[in-house]
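The next block holds one structure in the form of structure tokens; read it before the comments.
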Amino acid sequence: MNSVQPAPVLIVGAGPVGLVAALTLLQNGISVRIIDKDPHHRIGQRGAGIWPRSLELYNFLDVKEVNSLGRTAPPLRSYKPGTLEPLRVSSIVPPMKDTPAIPFHTPKLMGQQLLDVILRRHLEKFSCSVEMGTELRSFEQSGEGVTATLTKNGITETFDTKWIIGADGAKGVVRKQLGLTFLGETRDDVRMVTGDVCLTGVDLDRVHWHRFGNFNERGLSLRPTDEVGEDGWQFFLYGHELDMTKIAESEELVFETIASIIPTEITFSKVAWMSDFRANIRMVNKFGEGRVFVAGDAAHIHSPTGGQGLNSGVQDAFNLGWKLALVQKGFADKSLLETYSAERLPVISEMLGVTTSILDKATSSGDPTLGRSPVLFMLGINYRFSTIVLDEFVNSVERKPINAYGVLDEECLEAGDRAPDAPNMLQVGSAVPDVTTLFGLYRPWHHTVLVFAPSLAGAIPILGALEAYDKSVVRSAVVVPSSASVTPVASPADHVLVDREGYSYSAYLVEASQTKVFVIRPDGVIGAIVQGAEGMKKYFSKIFLDA
């Protein structure tokens, strides 16, 4: 049976990773079919931490609710053993303030259940909905496409598509059938039970994130979350003294264990969801083969310490999405897709090192909050090493060893880095002058060429060279300093921006007298930093066919 309308991309798995892949492609004008083998949408907080780099990603996708509805982390209060007497109150993440260049500097907490609902609503704007209870059984690929065998309600269907994205988790079918290796280790020394519970406790306030006991022997973390209910909490039980397998099988045992660790009277209502897990630290040898790709937990799993997993997964999907769209639309050669694996492998490899280091510090100290640093904000993740980035201001001899997961250094900006924001940019040339931000220009369906020039006239040769590229996939903006005189004249640029307060010149490290060109990729990464039209053409020759 094959009655479903053809879609060039089949996405397997409808958690945040699959949903972000779908939304990125839909915004690029590529129709998708997204399936999930579960008959019902998943419930539970699961990975709730959303770091600044991911908040930027959701902003580019115009999913603004993630930042507006996400909660900041409450202060963490730990207690003297066996008492409700506070030992100390600390911040679970280094406190940061928003800046002109980093508008989403504060990590947010949002349960996966709510995040999924928000993302599904955005898919519905494109008349796309998740097909629940639909399972991928197998697939066969050729040079022209992929044939997938699906089942739903006992009925088998053959579905022809061009590409498959496997966002079907660590136990999923896609990676296994591709034959990708999933090397790493299983850490039997770290086991936890996590879930959502509804309870009230005498003197247990909802202002703090509470931590009782010890990471190694027996301990409990309780974070208040109204997403579960007025008396809802996300809990983590950990420690060698607890039998996690048994606890995870019984709501009653969860109640008993929590009650034994918190020295106050507790009234339990229900466990909404729970799961036990051990720390697995594994990753694939490559992120795809032919026309089939993996992303998220299907490609890498690791310790939950540091909360990087879900964030890394949606960033996988965002990296793949714009490239796949360009290939499917005929703008780019299929070889562009090889850079998905080439760019993400070093990032994920270093991420596993970061999270494992935090885990080791937690187990050696008994404190799960040790080892956290601004590297977790993910703003320093970069692709400086990528074959498709170009920087004419960095001598290849100067290139340092790959440090794909570094801490953000705002005094250094190279091709492959995250593109900074700049607010309060005066947009001129239109009937009514408007104020915008650079982030307001960056979108997943086009490159943005930023031309910094002392005057509009200085940008004209570069803008002329841009006429060779399709406007649907390349947009342009000229940025001039506040000292430039800009009369509202017709310009070949899509935007002419006056940097009234110098924010963009400061963030992009450009002098007011300089002419400098930045090409921003659809994923908000700087693809190129070049001197003029020739450098820009050289960059686009790495991306587009016949460029």
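Quick notes on this one:
- Residue match in segment 13-31 (condition: open to solvent by less than 10 Å² (accessible area, probe 1.4 Å), on the phi > 0 side of the Ramachandran plot and touching a residue at least 12 places away in the same chain (Cβ under 8 Å)): yes
- Test for GLU338: is it of a type in the set (Asp, Glu), part of a helix (DSSP H, G or I), on the phi < 0 side of the Ramachandran plot and open to solvent by 50 Å² or more (accessible area, probe 1.4 Å): yes
- Any hit, segment 33-40, residues being open to solvent by 10 Å² or more (accessible area, probe 1.4 Å) and farther than 20 Å from ILE164 by Cβ: yes
- Across segment 323-335, the qualifying residues are those that are in a helix (DSSP H, G or I) and either over 27 Å from ARG282 (Cβ atoms) or free of Cβ contacts under 8 Å to residues at least 60 places away in the same chain (or both), and the one among them that is most open to solvent (accessible area, probe 1.4 Å) is LYS334.
- Just one of the listed residues (VAL510, VAL519) is assigned to a strand (DSSP E or B) and either in contact with a helix residue (DSSP H, G or I) (Cβ under 9 Å, 6 or more places away or on another chain) or open to solvent by 10 Å² or more (accessible area, probe 1.4 Å) (or both), namely VAL519.
- Test result for ASP226, open to solvent by 40 Å² or more (accessible area, probe 1.4 Å) and within 28 Å of the chain's Cα centre (by Cα): yes
- Single unsatisfied condition, GLY440 versus (1) assigned to a strand (DSSP E or B); (2) without any contact (Cβ under 8 Å) to a residue 24 or more places away in the chain: (1)
- Residues that are open to solvent by 10 Å² or more (accessible area, probe 1.4 Å) and in a loop (DSSP other than H, G, I, E, B), drawn from segment 279-304: ASN285, LYS286, GLY290, ARG291, HIS302, PRO304
- Considered as a group, the residues in segment 87-122 that are β-branched (Val, Ile, Thr) and more than 22 Å from GLY306 (Cβ to Cβ) include one that is surrounded by the fewest Cβ atoms within 10 Å (Cβ to Cβ), and that residue is VAL117.
- Residue tally, condition open to solvent by 90 Å² or more (accessible area, probe 1.4 Å) and assigned to a loop (DSSP other than H, G, I, E, B), over segment 384-398: 1
- Failed item, numbered, when SER472 is tested on (1) over 26 Å from the mean Cα position of the chain (by Cα); (2) more than 23 Å from PRO423 (Cβ to Cβ); (3) part of a loop (DSSP other than H, G, I, E, B): (1)
The values are calculated or read from the model by the stated rules, or taken from the named source; none is laboratory data. This structure is a prediction, so every number in the text was calculated from the model and none was measured. Every residue, glycine among them, receives a Cβ derived from its backbone with ideal geometry; neighbour counts consider all protein chains shown. Accessible surface areas use protein heavy atoms only, side chains included; no ligands, DNA or RNA. Shrake-Rupley method; radii C 1.70, N 1.55, O 1.52, S 1.80 Å.
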